[in-house]
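The values are calculated or read from the model by the stated rules, or taken from the named source; none is laboratory data. Owing to the predicted nature of the structure, the values given are computational and were not obtained by experimental measurement. Cβ coordinates were reconstructed from backbone atoms using ideal geometry, including for glycine residues, and neighbour counts include every protein chain displayed. These area figures cover heavy atoms from the full protein model, side chains too; ligands, DNA and RNA do not enter into them. Shrake-Rupley method; radii C 1.70, N 1.55, O 1.52, S 1.80 Å.
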Amino acid sequence: MRHLISLSLIALLALVSGVSLPRAESADREINVAAAADLSAAVQEVATSYEKRTGVAVKLSFGASGALTQQIQNGAPFDVFFSADMDYPRQLIAGGQADGASLYRYAVGQLVLWVPKDSPLDVEHKGMDVLLDPSVQKIAIANPQHAPYGRAAAAALQHYHLYEKVKDRLVLGENVAQAAQFVESGNAQAGFVALAHAEAPAMRGKGKYWVVPAEAYPQLDQGVVLIARSVHHKDAGDFLGFVKTEEAADLLRRYGFVSPDHKYKLK
């Protein structure tokens, strides 16, 4: 009781004297981040590092870039959007749902052809040729209609003149993460996934892969943008600022994302 009275007296004296008391950081500060499925492991590390630095909670939602774009257009309360391409953020900017000045190319993604570890397919040496093996009944890719990695996979198949030969064996995941799950679960014998998935802790050691040469598909420039209607604009902007730091770039590179600011050649 005496403690409460003392605190009340201190507050009253501060009010009378015009002195402002130091305020504790709000425990409920948070931002809502929508992110392409290929970022499911990498952006979690970025968010965790940011939370430790600032105390601001980062709530993550993952999905296909096109599906997330539709959600934002329909009023979903996101503050930041990480896309697996630059086109969807630009669509939001054109529609007034995102801040054009905030658009930032945070990474270049890489596509791989992945098979389970116990598969007899020698994907690491034969690459695309394994898709012609009679044992490959199903090939998983993300849906090209709303997933940039799905479009990249379709383009790679066209590049190697394989699309017509295998199109009836393609199974479409809602996003690249689901395509990876199809292969991991045995519902497909091979699949096109993000290098970030192949290098994620949950999948590392469970499979083997071949990095699809960069010239086989349009470059996967990946963009992040601030959502115009965000009610946490300052914290969202600060988070985007952290994404631009070398620390965040290093975290993304661990998962196979190429930093746009580094000129080394894609695998």
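Under the condition of being part of a loop (DSSP other than H, G, I, E, B) and at pLDDT 95 or above, which residue from the range 56-74 is most open to solvent (accessible area, probe 1.4 Å)? Applying the filter and picking the extreme gives ASN74. Does the range 219-237 contain any residue that is within 17 Å of the chain's Cα centre (by Cα) and open to solvent by 50 Å² or more (accessible area, probe 1.4 Å)? Among the residues of the range 219-237, at least one is within 17 Å of the chain's Cα centre (by Cα) and open to solvent by 50 Å² or more (accessible area, probe 1.4 Å), which makes the answer yes. The single condition among (1) in contact (Cβ under 8 Å) with a residue 40 or more places away in the chain; (2) farther than 21 Å from GLN219 by Cβ that THR48 does not satisfy is (1). In this structure, is GLY256 part of a loop (DSSP other than H, G, I, E, B), small (Gly, Ala, Ser) and surrounded by fewer than 14 Cβ atoms within 10 Å (Cβ to Cβ)? Considered against the rule, which asks whether it is part of a loop (DSSP other than H, G, I, E, B), small (Gly, Ala, Ser) and surrounded by fewer than 14 Cβ atoms within 10 Å (Cβ to Cβ), GLY256 comes out as no. Take the residues in the range 150-198 that are in contact with a strand residue (DSSP E or B) (Cβ under 6 Å, 6 or more places away or on another chain), open to solvent by 10 Å² or more (accessible area, probe 1.4 Å) and not aliphatic (A, V, I, L, M); name whichever of them is farthest from PRO120 (Cα to Cα). Per the stated criteria, the residue is ASN175. Do you know which residues across the range 109-137 are farther than 19 Å from GLN158 by Cβ, of a type outside the set (S, T, N, Q) and either surrounded by 17 or more Cβ atoms within 10 Å (Cβ to Cβ) or touching a Lys or Arg at 6+ places or on another chain (Cβ under 7 Å) (or both)? Matches in the range 109-137: TRP114, VAL115, PRO116, LYS117, LEU121, VAL123, GLU124.
A Cβ distance below 7 Å, combined with a sequence gap of six or more or placement on separate chains, defines the contacts here; from the range 15-44, residues that are part of a loop (DSSP other than H, G, I, E, B) reach residues that are at pLDDT below 95 and of a type in the set (Phe, Trp, Tyr) in the pairs ALA41/TYR255. Per the conditions (1) under 30 Å from ALA94 (Cβ atoms); (2) in contact with a Phe, Trp or Tyr (Cβ under 8 Å, 6 or more places away or on another chain); (3) buried (at least 22 other Cβ atoms within 10 Å of the Cβ), the sole criterion not satisfied by PHE242 is (3).
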